[in-house]
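The values are calculated or read from the model by the stated rules, or taken from the named source; none is laboratory data. All of these numbers come straight from a predicted model, not from anything done at the bench. Reconstructed Cβ throughout: ideal geometry from the backbone, glycine too, with neighbour counts over all protein chains shown.
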Amino acid sequence: MPVQSGRGTGKFAGEMTEINDLENTVENTPETGGADRPRRRSLWFRLFIWGGVLAVLGAVAAVSVIIWAIIHYGRDLPDYRQLANYEPAVITRIHAGDGSLLREFARQPRLFVPIEAVPEQLVNAFLSAEDKNFYDHAGLDYMGMVRAMLRNVISLAQGNRLQGASTITQQVARNFLLTLDQRVDRKIKEMILTLRIERAFSKDRILELYLNEINFGNRSYGVAAAALNYFNKALNELTVAEMAYLAALPKAPHNYHPVRNKARAVARRNWVLSRMHILGFIDDALYRASVDEDLVMRERTGQALFKADYFAEEVRREVAGRYGQKTLYEGGLSVRTSLEPHLQRIAEATLRNGLIAYDRRHGWRGPIARTQVTPDWKEKLAARAVSLGMADWRLALVHEVRASGAIIGFADGVYGFVPFEAVTWARAWRTGERLGPKVSDMAEVLAIGDVVPVSPLNGSASVSLDNFWQEDGAAMDAVAQYRLEQVPAVQGGLVAMDPHTGRVLALVGGYDYDASEYNRATQAERQPGSAFKPFVYAAALDKEFTPASLVLDAPFVIDQGDGLGKWKPKNSSNRFYGPSTLRLGLEKSRNLMTVRLAQYIGMPAILNYARRFDLAGNMEPSLAASLGAGEVTLLKLTAAYGMLVNGGKYIAPSLIDRIQDRRGRTIYAHDGRDCAACDLPWTGTAFEPDLPDSRRTVIDPQTAFQLVSMLEGVVQNGTGRKIRVLGRPLGGKTGTTNDSADAWFVGFAPDLVVGVFVGFDRPRSLGPGEEGSSVAVPIFRDFMRDALKGEPAIPFRMPTGIRLVRINAETGRPARYGEEKMILEAFKPGTEPGFGDVAVLDGSLPIGETKSTVRKGTGGIY
């Protein structure tokens, strides 16, 4: 056994020795380079293997995290597809007929501009400042994110603020669909939405949303509004330097205000210009010129804003009623109205002057307030917010009263003088509706401490104030002279309209919109009085009457029923005139003739005519309604007169011609007629398009002309004769209600119809002797004088078939040679009067069966 073991062991040992010798030989050869080299290569190999494994595991983990994040944060994200129909809140603008801006309505003052209308250099400026690779990346700029991350590491080490790396698409996702919270989950959601938005929308659509949504500060939302509010320019008028400044604002609008932080604003603008230069958007010369350009803010003080508050507010109500408040304030509508600024100026001036003239006839009501003349009187006067209505009126405090006048002071420390001659109109108003005695002493009107409105005495010389010193003891220099004024307590309205279309050319609803927004032209329903009579006469002319028909002007009494007593209408003069022609009855506004006529025709027929003219809304079928006891608005009554002068065609009052949406598409047009030829190009030799007349006929055109002719007589010979000084073809009718609570005049030229109303908001008498002819007629006259200045005096248009016959104005019979009271009267064919007996309507028999020329009494009506 030992022998065997020894052999075996020796053999194994010998083999191992040979192997070790061989390894030593290999390790010590020059090619292997040392004894421990194989062990080192084995370590690197293992590290490489493990690194690969860890990388794969990390990638799998990262992908898993990304998938989890997409699934987790993507579940409750807002629907990005809403951006396809998203329209940013944009200003709605109201324009006059000549394009002047009347008013803007917006919750965010933004103007929408399609991307096609944005100048290329403005786009380049924003790309340079915000996202130079916008058109190249898929929503996320990964290299930009890496650069921002490195910058933020350095900023964090230095204690500076961190910087973002959001692309324009990311900003769209954040501004439209997310909040501005600085949180990791919000950032993940933003990135997910960004990728979805990029797949769903074009780059131009994304950029359009961005440029129209972002806030530029200075109450500017969207780049178009910013261009106007900072530079008062349209986008295509901006310089490159101004474009670069706008592109610099979204980062921090309040930090780069061009006035408060001009140095920082210029530095930021120049940085944007440098980026544009580096990226090749501008050359060296333009870059240097833009950098050297001064940054000057030009506020929107020069915009063509025309003030017509009553009109604009009525348009606002109509647009809101048609499309809703949201569309009005966010829809970006462009509303072109029918307003003519020239006529609106005249309307406001004449109405105010007429109300002031009436108010002065009724004396001085006293100062607006009384106070002590203390050292702080200027501050107290400035704090007193009172709307005076007139642009040149100012609030003043009386400092001293002298026999020659009163010394007044204004809130700005300037003094003035009111001479005695400028207050002589201010007689006291006594009870019993009468004026007090003439003013003989300045102290009867003003006292120290009175707060009163005054206006400059134009053309008067300055006066020196003896023995009057300023607070600092300095002598007073010569001061200007002023007139004592008074804000009227009475109110009124005026409407001017195109009688052929119903377009409202001017509208004033009161003395001062700032003091009262209540619109007396469209909201106040008042009794028109005799201004309704033409529609009673229209019913008569369409029956069997002519302008020369005779109606008895005599007492009229009717029993109203048990316990109601008898109704006894009367003429304003309290006189009776016997048989009179319809023309004369309308010219002189005879109540008894009108009632007798309405009783004969029947109130159902009268109400039918009132409905045709849109006047029957508050009218009852009583004879009192024939005298204007119903209630109408000034706007509707003016439109009704327009239907008379236009030949009996129906018109509806309209303040809006056209409404366009934010992209210029017409969504409403007042004139809805089809006109294919209107879209053809103009050749210079083409004829004007033949437009169809779609207006319905309200009354016979011949009847309408007869009424126009009779109403022209009102101006020439009747209650509106103060107007005939204008020397033009004008017609119209006065209206005065019981106790002179309402005064009207509605009149017309061939192409313009105007209505005037005057009365107190809480109805009460205008005073003794005050009626439509004294209150409303002068306002109409002054308006027409200025509105028609320079226009040719054209006659009223006469329809085919009307026959003009010479008749006696009093008897209605054909005129004989040499008669003085002869007129040309308009008759329908076959209704001309003869030389025989003339029938008189007295109420007992139909007019065609009346035998006597004049019937006695009231015609059996008791």
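Brief remarks follow.
- Taking (1) within 25 Å of V805 (Cβ to Cβ); (2) assigned to a helix (DSSP H, G or I) in turn, A677 satisfies each apart from (1).
- Only one of A382, A411 that is surrounded by fewer than 17 Cβ atoms within 10 Å (Cβ to Cβ), of a type in the set (A, V, I, L, M, F, W, C) and out of contact with any His (no Cβ under 6 Å at 6 or more places or on another chain): A382
- On inspection, V756 does not qualify as assigned by TED's automatic domain parsing to the domain that holds Y518, touching a helix residue (DSSP H, G or I) at 6+ places or on another chain (Cβ under 8 Å), among the hydrophobic types (A, V, I, L, M, F, W, C) and more than 21 Å from A521 (Cα to Cα).
- Matching entry among L550, L541, L586 (being under 30 Å from L343 (Cα atoms) and surrounded by 21 or more Cβ atoms within 10 Å (Cβ to Cβ)): L586
- Taken residue by residue, region 770-786 has no member that is under 22 Å from M497 (Cβ atoms), outside any helix (DSSP H, G or I) and touching a residue at least 60 places away in the same chain (Cβ under 8 Å).
- Sole residue being more than 26 Å from D512 (Cα to Cα), in contact with a Leu (Cβ under 8 Å, 6 or more places away or on another chain) and at pLDDT 90 or above, chosen from A443, A406: A406
- In a residue-by-residue description of region 690-698, the property of being at pLDDT below 85, more than 30 Å from R316 (Cα to Cα), loosely packed, with under 12 Cβ neighbours inside 10 Å and out of contact with any strand residue (DSSP E or B) (no Cβ under 8 Å at 6 or more places or on another chain) applies to at least one position.
- Residues in region 601-656 that are within 31 Å of the chain's Cα centre (by Cα) and acidic (D, E) were compared, and the one that is surrounded by the most Cβ atoms within 10 Å (Cβ to Cβ) is D614.
- Annotation: V386 fulfils all but one of (1) out of contact with any strand residue (DSSP E or B) (no Cβ under 8 Å at 6 or more places or on another chain); (2) in a loop (DSSP other than H, G, I, E, B); the unmet one is (1).
- Residue-level check: of (1) surrounded by 16 or more Cβ atoms within 10 Å (Cβ to Cβ); (2) more than 17 Å from V319 (Cβ to Cβ), D674 misses just (1).
- Candidates L355, L333, L381: the one that is over 24 Å from L446 (Cα atoms) and aliphatic (A, V, I, L, M) is L333.
- Failed item, numbered, when V319 is tested on (1) aliphatic (A, V, I, L, M); (2) surrounded by 13 or more Cβ atoms within 10 Å (Cβ to Cβ); (3) over 30 Å from G502 (Cβ atoms): (3)
Residues checked against (1) free of Cβ contacts under 8 Å to residues at least 12 places away in the same chain; (2) farther than 23 Å from A443 by Cβ:
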{"position": "V373", "(1), (2)": "no, no"}
{"position": "A385", "(1), (2)": "yes, yes"}
{"position": "M390", "(1), (2)": "no, yes"}
{"position": "A403", "(1), (2)": "no, no"}
{"position": "A406", "(1), (2)": "no, no"}
{"position": "D412", "(1), (2)": "no, yes"}
{"position": "Y415", "(1), (2)": "no, no"}
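- Count of region 507-516 residues which are more than 16 Å from L634 (Cα to Cα) and either crowded, with 24+ Cβ neighbours inside 10 Å or in contact with a Phe, Trp or Tyr (Cβ under 8 Å, 6 or more places away or on another chain) (or both): 1
- Extreme residue, modelled with the highest pLDDT, among residues of region 250-266 that are surrounded by fewer than 19 Cβ atoms within 10 Å (Cβ to Cβ) and of a type in the set (A, V, I, L, M, F, W, C): A263
- Of all residues in region 803-834, exactly one satisfies the criterion of being more than 18 Å from S580 (Cα to Cα) and touching a residue at least 60 places away in the same chain (Cβ under 8 Å), namely K828.
- Hits in region 231-249 (condition: surrounded by 16 or more Cβ atoms within 10 Å (Cβ to Cβ) and free of Cβ contacts under 8 Å to residues at least 60 places away in the same chain): A241, E242, Y245, L249
- Residue identified as at pLDDT 95 or above, part of a strand (DSSP E or B) and surrounded by fewer than 20 Cβ atoms within 10 Å (Cβ to Cβ) among V495, V451, V504: V451
- Any chance I699 is closer than 30 Å to E116 by Cβ and of a type in the set (A, V, I, L, M, F, W, C): no
- No other residue among Y287, Y310, Y245 is in contact with a Pro (Cβ under 8 Å, 6 or more places away or on another chain) and either at pLDDT 95 or above or over 30 Å from A524 (Cα atoms) (or both) apart from Y245.
- In region 250-336, counting only helices (runs of 4 or more DSSP H) that sit wholly within it, the ones holding 3 or more residues that are closer than 30 Å to L507 by Cβ span 309-323, 325-330.
- Annotation: A304 fulfils all but one of (1) within 14 Å of the chain's Cα centre (by Cα); (2) at pLDDT 95 or above; the unmet one is (2).
- Residue in region 664-679 that is over 35 Å from the mean Cα position of the chain (by Cα) and not assigned by TED's automatic domain parsing to the domain that holds L841 present: no
- Any chance L397 is of a type outside the set (D, E), within 29 Å of R434 (Cα to Cα), at pLDDT 95 or above and touching a Ser or Thr at 6+ places or on another chain (Cβ under 9 Å): yes
- Residue within region 120-130 that is within 22 Å of W271 (Cα to Cα), acidic (D, E), surrounded by fewer than 17 Cβ atoms within 10 Å (Cβ to Cβ) and at pLDDT 80 or above present: yes
- Of residues in region 335-376 being surrounded by fewer than 19 Cβ atoms within 10 Å (Cβ to Cβ) and among the hydrophobic types (A, V, I, L, M, F, W, C), the one modelled with the lowest pLDDT: V373
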